[in-house]
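Asks: One structure coming up, written as structure tokens, with questions to follow.
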Amino acid sequence: MANYDFPPTSRYYNVDVATLVGEDGMVVPYLRRRFLPSAERFTLLHECRVSEGERPDHVAARELGDAEAFWRLCDANGVMHPDELTDTVGEVVRITLPDGIPPPARE
């Protein structure tokens, strides 16, 4: 079953929706498993350090221009739970191009 509920900016946009039919006939939709992409697939732009009191959405807003894009930072840094990005002051966060976007050609 194709995914039609998530916008293109969502972490779950390309994740298929499947259904489970219970013994009582009730149909329950669910998302198929999404695996974190390998961090090596991302083109590094630069790195930033986490400051006191920062949250993943703060870093995403500052670095990507979209607070809701924190999941892109999670993927690029191999992090499943967003708070892992900023739970340690001084932690390095990789800022990358989106998954699948190659680096610009050099002249």
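The values are calculated or read from the model by the stated rules, or taken from the named source; none is laboratory data. Fair warning: this is a prediction, and the values are worked out from it, not measured in the lab. Positions of Cβ are generated from backbone atoms using ideal geometry, with glycine treated the same way; all protein chains shown enter the neighbour counts.
Asks: Pairs only if they're at least six apart or on different chains, beta carbon under 8 angstrom, first in the stretch 80-107 and under 23 Å from S10 (Cα atoms) and touching a residue at least 24 places away in the same chain (Cβ under 8 Å), second small (G, A, S) and surrounded by 14 or more Cβ atoms within 10 Å (Cβ to Cβ); list them, first residue then second.
Replies: Close Cβ pairs (under 8 Å, with a partner that is small (G, A, S) and surrounded by 14 or more Cβ atoms within 10 Å (Cβ to Cβ)) amount to R94/A39; R94/A76; I95/A76; T96/A76; D99/A76.
Asks: Go through (1) exposed (fewer than 12 other Cβ atoms within 10 Å of the Cβ); (2) at pLDDT below 95; (3) among the aliphatic types (A, V, I, L, M) for L36 and report which single condition fails.
Replies: Tallying (1) exposed (fewer than 12 other Cβ atoms within 10 Å of the Cβ); (2) at pLDDT below 95; (3) among the aliphatic types (A, V, I, L, M), L36 fails exactly one: (1).
Asks: Give me the residue from the stretch 87-107 that is among the charged types (D, E, K, R) and exposed (fewer than 11 other Cβ atoms within 10 Å of the Cβ) and, out of that set, nearest to the chain's Cα centre (by Cα).
Replies: Filtering the stretch 87-107 for residues that are among the charged types (D, E, K, R) and exposed (fewer than 11 other Cβ atoms within 10 Å of the Cβ), the one nearest to the chain's Cα centre (by Cα) comes out as R106.
Asks: Also, I was wondering about something else. Quick one: what pairs do we get from the stretch 53-78, first residue in contact (Cβ under 8 Å) with a residue 40 or more places away in the chain and more than 14 Å from S10 (Cα to Cα), second polar (S, T, N, Q) and crowded, with 21+ Cβ neighbours inside 10 Å, C-beta under 8 Å, 6+ apart or different chains?
Replies: none
Asks: Right, something else. Kindly indicate whether R49 is farther than 21 Å from P103 by Cβ and touching a Gly at 6+ places or on another chain (Cβ under 6 Å).
Replies: Spelling it out, R49 is indeed farther than 21 Å from P103 by Cβ and touching a Gly at 6+ places or on another chain (Cβ under 6 Å).
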